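The values are calculated or read from the model by the stated rules, or taken from the named source; none is laboratory data. Every value quoted in this text rests on a predicted model; they were computed, and no experiment measured them. Cβ placement follows ideal geometry from the backbone for every residue including glycine, while neighbour counts extend to all protein chains displayed.
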Amino acid sequence: MELGRELRAALRGGRQVAVFSGAGISAESGVPTFRDAQKGLWARFDPMELASPEGFERNPKRVWDWYAMRRQQLQQVQPNPGHYALARWERLRPGLKVVTQNVDGLHQRAGNSDVIELHGNISRVRCSLENVIVEQWEERPDEVPRCGQCAAYLRPDVVWFGELLPPEAYARAQEVMATADLVLVVGTSALVQPAAQLPYIALRAGAVVVEVNPEETPFSADATFSVRGPAGVVLPAMVEAIAD
Ligand code: BJW
């Protein structure tokens, strides 16, 4: 893929590199995104029934089963060339940081060493009352597993609508954005707050911010460069440009 001369120069110039990623980077691994009207995770389900504390209260079993199904699906998928390009980028620019909204752990599996998870991780489970991480639980066909200490329901360790992001992760993400000189915004619809504010912190601090997405987003017009294409094609071309 052809990248313009100015963009190549901007990419090469980045020393403190940060990535802000969303579901789109995992799409080519076969993990469905959320807001794709045809094949997204929300296409058949109401997000507030599956990803909110109220939805969990109304029907804990439905929510538990949905996450158990996604956890199982994740065992079948692998990082894709987009994830691997970012791991290579970190080898070329040590200190590169990934701030992700994804809960799938694919950046870590590809080899990035500093990944800040804003919305949790689907592989972890915690007590819904005391928030303690639980390492082992038994899947039962007819009921939601319960905490061995207090008997409250277990829940996935992810951030649902109306919940606060993990404060340390969000504070660190803000710091990363404020100190980067190059930020790649990859595969996010840039609709979900407060995460969608992060690229603006980078812009205000003077960073070059490059969006990679096959579709236009609300952030596209503000990005320094907006590259239309799938992450699995665009990111390998970009990392090649800084390597040669
Ligand atoms: C490709 C590609 C390829 C495709 N290559 N790209 C107004 C009304 C009601 C609520 C609010 C409101 N304003 C703000 C709020 C609050 C709410 C919010 O933002 N809602 C908006 C939807 C309006 N936010 C919250 O509730 C947050 N908490 C909060 O604000 O706390 C304060 C508060 C407390 C009390 C009351 C109110 C406020 C928490 C947000 C938590 C989000 N959680 C989820 C679920 C995580 C667990 C799970 O996985 O189930 O996080 S929702 C979902 O959206 C998930 C994602 O991380 C997040 C972002 O989505 P993302 O990653 O951008 O994916 P998509 O699908 O949207 O986009 C994919 C993109 O990829 C597209 O652009 C494609 O084009 C692109 N793409 N193929 C590159 N090959």
- Applying the selection to the range 25-34, what residues are surrounded by fewer than 16 Cβ atoms within 10 Å (Cβ to Cβ) and either closer than 23 Å to residue 162 by Cβ or touching a Leu at 6+ places or on another chain (Cβ under 7 Å) (or both)? 32
- Note on the structure: Counted residues in the range 174-199 being part of a loop (DSSP other than H, G, I, E, B) and of a type in the set (S, T, N, Q) come to 3
- Conditions (1) β-branched (Val, Ile, Thr); (2) more than 14 Å from the ligand (Cβ to nearest atom); (3) closer than 21 Å to residue 186 by Cβ; number of the one not met by residue 98: (2)
- Write out, first by first residue and then by second, each pair whose Cβ atoms fall under 7 Å of each other, whose residues are 6+ apart or on separate chains, and whose first residue, in the range 202-228, is more than 15 Å from residue 183 (Cβ to Cβ) while the second is among the hydrophobic types (A, V, I, L, M, F, W, C). 218/190; 218/191
- Message: Could you check the range 55-72 and list, in sequence order, the residues that are within 18 Å of residue 34 (Cβ to Cβ) and of a type in the set (Lys, Arg)?
- Response: 62, 70, 71
- Message: Looking at residue 3 and the list (1) closer than 25 Å to residue 223 by Cα; (2) of a type in the set (A, V, I, L, M); (3) under 20 Å from the mean Cα position of the chain (by Cα), which single condition is not satisfied?
- Response: (3)
- Taking residue 107, is it of a type outside the set (Lys, Arg) and within 11 Å of the ligand (Cβ to nearest atom)? no
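I'd like the full set of residues that are farther than 13 Å from residue 153 by Cβ and either over 15 Å from the mean Cα position of the chain (by Cα) or modelled with pLDDT under 95 (or both), limited to the range 118-131.
124
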- Message: Residues that are within 16 Å of the ligand (Cβ to nearest atom) and not hydroxyl-bearing (Ser, Thr, Tyr): list the helices (runs of 4 or more DSSP H) wholly contained in the range 1-53 that include at least 3 such residues.
- Response: 24-27, 47-50
- Item | residue 157 under 22 Å from residue 55 (Cβ atoms) and not hydrophobic (A, V, I, L, M, F, W, C) | yes
